Amino acid sequence: MSRAQIPALVFGIGGFGALVAAVISNEWKVTTRASSVITATWVYQGLWMNCAGYIQACRGLMIAAVSLGFFGSIFALFGMKCTKVGGSDKAKAKIACLAGIVFILSGLCSMTGCSLYANKITTEFFDPLFVEQKYELGAALFIGWAGASLCIIGGVIFCFSISDNNKTPRMAYAYNGATSAMSSRTKYHGGEDFKTTHPSKQFDKNAYV
């Protein structure tokens, strides 16, 4: 098993789990502390409690992130060298690289969705003309950012793990080249010995004649 694939798999699956937790969480935004002190209650809103346009976009991005993370996890398991499925080591390396690309796309979708949601919250919070209930960033946003970072890191490691499979053929080729060079030198020296001893036999015959 490639040493780089183990942390990549941990990062990728861990990030996928964090994305799922963020999507199903109801704490994408929470009422401000000032209003909570007055009412003595905290109001939370999740990704599925509002039908605003920007939330629809965030939903699509997060659904895409979770879907890509799921397929990335499947590809990563098939691309591991310790599994018996996936074909040869060369084919497994390509599958692992594909898993890395899918994980990176998943992380980018999650990062974009969470950032879009957070930007809307901060814009309303600092807008003096906004008179409705103001909210602060919820815990689900930070979980989503963390999951996106893990997916991107795991995907990058998976993409670079393909270089481990290209080292072994190069070393074998260099070793074979050294062996062939040594054998050619041995034959060459043998031919020189034969040429140097052969004229001496002819010289002996002519001397007796």
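For this structure, a couple of remarks:
- Taking chymotrypsin sites (Phe, Trp or Tyr not before Pro) across segment 74-153, the ones in a DSSP loop with at most 10 further Cβ atoms lying within 10 angstrom of their Cβ are F126.
- Amide H within-cut-off set for K81, under 5 Å, with H built and near neighbours excluded: S2
- In this simple spin-label approximation, E124 and Y54 carry label points 7 Å from Cα along the Cα→Cβ vector, and these lie 0.8 nm apart.
- Extension gain (nm, one decimal) between Y44 and K84, 0.36 nm per residue minus Cα-Cα: 9.8 nm
- Between S67 and K94, the simple label model (points 7 Å from Cα in the Cβ direction) yields a spacing of 2.5 nm.
- Amide H within-cut-off set for E136, under 5 Å, with H built and near neighbours excluded: V30, T31, T32
- Close amide H pairs (under 5 Å, H built 1.01 Å from N) link Y44 with no residue at least 5 positions away or on another chain.
- In sequence order, segment 90-105 has phi-based couplings of 5, 5, 5, 5, 5, 5, 5, 5, 5, 4, x, 5, 5, 4, 5, 4 Hz under the Karplus curve 6.51 cos²θ - 1.76 cosθ + 1.60, θ = phi - 60°, and Gly or Pro positions carry x.
Every read-out reported here was derived from the displayed coordinates using simple, explicitly stated rules and does not represent laboratory data. Everything numeric in this text was worked out from a predicted model, so none of it was measured. Note that each Cβ is placed from the backbone with ideal geometry, even for glycine, and that neighbours are counted across all protein chains shown.
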